[in-house]
Amino acid sequence: MLTDYHLHLRPDEPDTTTERYFTAENVERYREAAAVAGIDELGVSEHIYRFTQALALWRHPLWEEQARDDLDAYCEFVRGAELKLGIECDFVPGAEDRTANLLEAHDFDYVVGSVHFVGEAAVDHEGWDVWEGSGDADEVWRRYFEALAECARSGLFDILAHPDLVKVWGRARPLPERDPRHYYEPAVEAIAESGIAVELSTAGLRKPVGEIYPDRAFLEMVVDAGNPIALSSDAHTPEQLGFEYDRALELLDAVGVTEIATFAHRGVTLEPIGPT
Ligand SMILES: [Zn+2]
Ligand SMILES: [Zn+2]
């Protein structure tokens with residue numbers, strides 16, 4: 001079994017309307033790409049902040065600008081397209097109850113929990129760049145992995161997205177001097193306690209860092225903790241679907257992962273990993 005569960009049906013650019021991208025033709029392009037790549041199961045996990053309902057969780061200016069679509073219409077479309085129904089939901093500290101209510105009101109197959117922001121600033125968005133603040137690598141990495149720990153511990157999510165996203169810019173931003181495992185440890189402790197599935201994402205290979213998320217050392221710690229592993233490309237176009245999966249499978253094999261997490265109605269099942 002191979003999955004691609006962290007998919008977006010459209011790029012993040014502003015003019016990407018549902019009318020243009022949430023169409024049977026576009027879904028067909030993703031299905032064709034999946035067939036070529038030998039990927040059995042596809043799920044869509046649109047960013048929660050593209051929906052007006054997300055403003056009940058957070059009124060960050062970026063969200064105010066992006067929240068245009070209706071979450072119920074999205075759920076209906078994805079179900080109708082017979083794709084797994086997911087959502088990529090940011091962990092918003094202090095909004096746990098409102099997040100739980102919003103997620104429970106929809107019949108998702110899985111919820112991908114993300115940390116993109118540290119406070120008001122983003123680790124992966126140039127418009128809200130966290131590095132324009134203090135720029136202290138030790139502080140940014142520490143705060144990022146603390147937020148990731150909280151995200152896992154919240155129990156709101158089934159899959160933890162791109163776990164070391166903070167490295168996205170690679171050498172274009174400051175990097176901490178100490179062994180990164182120092183930062184991973186508190187996050188992995190929370191991950192172990194929560195039992196959440198951890199995403200192995202090839203998206204980082206398309207970004208300045210040029211690496212899979214998470215780092216091998218992080219992945220090894222998670223595997224030791226016994227958490228399930230989910231596999232995704234975080235594609236925003238059909239061409240990115242299953243991106244560089246060969247490298248992902250090589251890494252999973254190297255760290256002894258033989259099964260991947262599949263989801264239905266927020267329940268997890270482990271399946272033997274590999275192309276069919
Ligand atoms: Zn993300
Ligand atoms: Zn994503």
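Taken across region 44-51, residues that are out of contact with any helix residue (DSSP H, G or I) (no Cβ under 7 Å at 6 or more places or on another chain) and β-branched (V, I, T) do not occur at all. Here P214 meets the list (1) in contact with a helix residue (DSSP H, G or I) (Cβ under 7 Å, 6 or more places away or on another chain); (2) under 14 Å from L160 (Cα atoms) almost entirely, failing just condition (1). Any residue at all in region 70-78 that is crowded, with 16+ Cβ neighbours inside 10 Å and among the small types (G, A, S)? No, the conditions are met nowhere in region 70-78. Is one or more of the residues making up region 218-232 hydrophobic (A, V, I, L, M, F, W, C), surrounded by 17 or more Cβ atoms within 10 Å (Cβ to Cβ), farther than 27 Å from E259 by Cβ and away from ligand 2 (no atom under 15 Å from the Cβ)? Checked region 218-232: no residue is hydrophobic (A, V, I, L, M, F, W, C), surrounded by 17 or more Cβ atoms within 10 Å (Cβ to Cβ), farther than 27 Å from E259 by Cβ and away from ligand 2 (no atom under 15 Å from the Cβ). Look at (1) open to solvent by less than 20 Å² (accessible area, probe 1.4 Å); (2) within 15 Å of ligand 1 (Cβ to nearest atom) and you find that A187 fails only one, number (2). Scanning region 145-159 for any residue that is farther than 23 Å from D97 by Cβ and modelled with pLDDT of 95 or more turns up at least one such residue. Taking the criterion of being among the basic types (K, R) and either farther than 17 Å from L42 by Cα or open to solvent by less than 50 Å² (accessible area, probe 1.4 Å) (or both), the only residue of region 240-276 that qualifies is R247.
State which residue pairs qualify: first residue in contact (Cβ under 8 Å) with a residue 60 or more places away in the chain and inside region 180-196, second residue surrounded by 14 or more Cβ atoms within 10 Å (Cβ to Cβ) in any location, beta carbons under 6 Å apart, and separation of 6 or more residues or different chains. From residues that are in contact (Cβ under 8 Å) with a residue 60 or more places away in the chain, the pairs are I196/A152; I196/L160. Note on region 139-166: among residues that are among the small types (G, A, S) and open to solvent by 20 Å² or more (accessible area, probe 1.4 Å), the one that is farthest from ligand 1 (Cβ to nearest atom) is G155.
The values are calculated or read from the model by the stated rules, or taken from the named source; none is laboratory data. This structure is a prediction, so every number in the text was calculated from the model and none was measured. We place every Cβ from the backbone using ideal geometry, glycine too, and count neighbours over all the protein chains shown. Please note that ligands, DNA and RNA were not included when accessible areas were found on the heavy atoms of the full protein model with its side chains. Shrake-Rupley method; radii C 1.70, N 1.55, O 1.52, S 1.80 Å.
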